[in-house]
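Taken together, the values in this text are just the output of simple stated rules run on the coordinates, not laboratory data. Computed from a predicted structure; not experimentally measured. Using ideal geometry, Cβ is built from the backbone for each residue, glycine included, and neighbour counts are taken over all protein chains shown.
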Amino acid sequence: MNDIARPLRLGVGPLLFGWPERDIRDLYLELAEKREVDILYLGEVVCSKRSISGVTWQVELARELAASGKEIVLSTLAMPTAAHELQAIRDVAIAAKEHDLLIEANDMAAVAIASEMGVDFVAGPHLNIYSRGALDCLCRHGAKRAVLPLELPARDITAVAGDAQVQIEYFAHGKLPLTFSARCYTARAEGLSKRDCRHVCFLNPDGVEMRTLDGGGFSTINGIQIMSQMPFTALDHIAEIAGFGVDVLRISPQASGLDDVIRLFRAAMDGVMAASDALHALSKGREPGDAFCNGYYHGRQGRLWVGK
Amino acid sequence: MCSKHIHEKQRRRAQKCPVPKGCAPNEAMQRCSSFIWNHQIFFLAPCLASFGAATICTKLVLTSPNFLKPELVCPAGNLPALKAAVDAGGDTVYMGFRNASNARNFEGLNFDRDEAEAGIAYAHDRGARVFVAVNTSPGIYDASAWTSSIDMASELGADAIILSDMALLGYAKERHPRLRRHLSVQASACNYESLNFYAREFGIRRAVMPRVLTLDAIRDIGSRTSVEIEIFVSGGLCVMAEGRCWLSSYVTGDSPNMRGVCSPAHAVRFEEQEGTLEVKLDGVLVNRFAPDAPAAYPTLCKGRFEACGMEGHVMEDPYSLNALDMLPQIFEAGIAGLKIEGRQRGKHYVREVVSTWRAAVDTCAADPKSYVASPEWMARLAATSEGGAHTAGAYVDEWR
């Protein structure tokens, strides 16, 4: 974290769901127009099978978005196992170096490649940064900003990041990406296999709901990833988060309600609206606990809502 | 050298000459590698090379299927299980200390200093190695439980330490440079770039692969790194990328990375509801059983849920991992270690599973081409597995 206090910036994280490229492009062109947003992350994190047009498409869109004046970050895959997936990360790093962009590293392979090529990176939430030693190691290799693990209580940010010379980004809103597997659960739920998935996730822009046998909400299936059932939000804790030395708040995009989330976060960040009022508005008449979870913020079960 | 109940004096003498007279070439090569490992005499490599024996000093040949059978790495949740694993023919046992420093921080498990000392002596006296897992992260907490665990492993003469957190890897490298460092599965390193990074940065010598890779992918990784590869072959099947799963803390507040537990016992409740047995984890319904059906432990990813209008095991069936069928391919892939899961299981389980795998590995090593996993071995493993059914998991593409 930097010694000089700077205003919080608002970032929109990489789209974690599987969408057709045309829809992704429309989303990002729209986001580029929003003055509330400072940073845009672009790139497939979950499943390489979704990237139909590959890195070239991602980089061209990134360059187009850069004209908006926003900081553009090229996100990379969280669990690269195949040679072509590692090559894609390398290609992204080459493009980032050429166009002076940051990449988001979500696997140690991306850290290794970025370090080797001298490309600065954001250490994404899928690197395990639970300790100061881990953070320091990543900084030595070129991390300029870091997203700590989502399960880490917010009060621990200071303890982990301390006076490290790196910006800290906090996952402040969105469905929590909880885990990755080799298996595609969307394909499995639809009676398909990962190999022959037919891009079934493109039909579920906000993922597939997984419920308990008694009908309770449980989680969201997103390809090889399981996410929280409800979006996490720390909208009502913005002032406190700033006090922890956080530089950037991340909103993880989804199909429904993104405009409201961005507008209300910005309003609360700028002090135009009280955070509690912003949360009330975002909840649209529901109890916040019926619409969101925030347990991780308080060091509790991630699925819970803990009121103030 | 590897015979049971050998005296320490004899063992030391035997170690001076790792290859007894009349030893078969395969066995001789394995004994040489063990000798080099135990004594960390890698500096001898150039000398050996000059005598035309350079091949035994390269990982390529040390793990080549034509020369070496992989090491059987066996679970030791307590001293009786450790002894059972060694007696049943385990080449190596892995264990953890009784604190939050390892990813099996279950009540009643693991070793205090005296037990660890006795366990390491028992294993070493019988020619077996001991790995110590310190594979959770201290996070923001006082790291002394973790660093003192590393110190203790070194002092007690452990053969390797299994780590995942970069801070601890750095600590071990700096303070105990001669203690072999293995990368835990909890580090979730699933490609050669990651392994080579950890090797450059922290000098890791071996890595345990997360259960998300096909055997073909593992073979490819092994061909692009000098880091030895260890894979899980038997026992509980983690279907998520280890070290990158927060499902347990999402539901119960405790996670493998931060507390060394998954779906912890303290959160489990069994409740009778109108003739069915409901199993809940911190109040979340994870499964339902008929009254006379055996109720499996409610590990979250093996629970029954509903998705797309269908009820069932949405993430994974309650199967155990069993790669017995794949042993020839595993040998061919040049894998150094075959890891058996189950530090939470008792000595009877360990004895049964280790002896079965010992027989299978030895049979395959003798003649890989005609190797077939015997029905008897399969039945023995099925009888001990938690779900009673087996899968090769992600090692085969169809599982995905």
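Laid out as a table, the results:
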| quantity | calculated |
| --- | --- |
| Zero-based 10 Å bins, Cα pair distances in region B:120-233, whole percents | 14, 44, 32, 10, 0 |
| Paramagnetic label zone (point 7 Å from Cα along Cα-to-C-beta, A:GLU98; backbone N under 17 Å) in region A:110-129 | A:114, A:117-120 |
| Dipole magnitude of region B:80-183 about its Cα centre (Cβ charges: Lys, Arg +1; Asp, Glu -1), debye to nearest 20 | 320 debye |
| Peptide B:277-288, shielding by other chains (average Cβ, 10 Å cutoff) | 3 |
| Distance in nm between pseudo-label sites at A:THR158 and B:TYR297 (7 Å out along the Cβ direction from Cα) | 3.9 nm |
| As computed over region A:248-308, the Cα convex hull volume per residue (Å³) | 100 Å³ |
| Shape call, the protein assembly as shown: gyration tensor on alpha carbons, a/c limit 1.5 | prolate |
| Alpha-carbon Rg with Dmax, taken over region A:22-90, Å | 12.5, 39 |
| Percentage relative contact order, chain A, counting C-alpha pairs under 8 Å, at least six apart | 19 percent |
| Computed [θ] at 222 nm, deg cm²/dmol, the protein assembly as shown (DSSP H ≥ 4; -39,500 (n - 2.57); rounded to nearest 500) | -10000 deg cm²/dmol |
| Once the Cα gyration tensor of region A:153-239 is diagonalised, semi-axes √(5λ) in Å | 32, 16, 11 |
| Peptide A:78-88, shielding by other chains (average Cβ, 10 Å cutoff) | 4 |
| Whole-angstrom Cα spans of region B:251-290 along principal axes, big to small | 37, 13, 12 |
| Tensor-based shape of chain A (alpha-carbon gyration tensor, a/c under 1.5 rounded, otherwise prolate or oblate) | rounded |
| Two-site FRET efficiency, A:GLU287 against B:PHE289, from Cβ-Cβ distance with R₀ of 30 Å, rounded to 0.05 | 0.35 |
| Protection proxy ranking of A:166-179, B:142-155, A:136-149, B:239-252 - average other beta-carbon atoms within 10 Å, highest first | B:239-252, A:166-179, A:136-149, B:142-155 |
| Translational diffusion coefficient (Stokes-Einstein; Kirkwood radius from C-alpha pairs) of region B:242-339 at 20 °C, 1.002 mPa s, in µm²/s | 137 µm²/s |
| Whole-Å semi-axes of the ellipsoid equivalent to region B:146-193 (Cα gyration tensor, √5λ, descending) | 20, 10, 9 |
| Cα-centred dipole magnitude for region A:204-302, charges only on beta-carbon of K, R (+1) and D, E (-1), debye, nearest 20 | 120 debye |
| Shape of region A:1-137, Cα gyration tensor, a/c cut at 1.5 | oblate |
| Enclosed volume per residue, in Å³, of the convex hull spanned by Cα atoms of region A:102-199 | 125 Å³ |
| Sites A:ASP23 and A:LEU304 - FRET efficiency at Förster radius 35 Å, r taken between beta-carbons, to 0.05 | 0.60 |
| Average silhouette area of region B:282-338, convex hull of alpha-carbon atoms, in square nanometres | 6.8 nm² |
| Two-site label geometry, B:ASP362 and B:HIS266: point separation in nm, points 7 Å out along Cα→Cβ | 4.4 nm |
| Computed E for B:MET378/A:ARG195 - FRET, C-beta separation, R0 22 angstrom, nearest 0.05 | 0.25 |
| Furthest towards positive pole of dipole, A:CYS139, A:GLN225, A:TYR296, structure part chain A, Cβ charges | A:GLN225 |
| Globularity index of region A:182-224, i.e. its alpha-carbon radius of gyration over 2.2 N^0.38 Å | 1.16 |
| Rg and Dmax of region B:307-375, Cα atoms only, in Å | 15.8, 51 |
| Inter-part distance where region A:242-288 and region A:1-62 are each reduced to a Cα centre, Å | 18 Å |
| D_trans [Stokes-Einstein, Kirkwood Rh over alpha-carbon pairs] for region A:83-138, 20 °C, 1.002 mPa s, µm² s⁻¹ | 188 µm²/s |
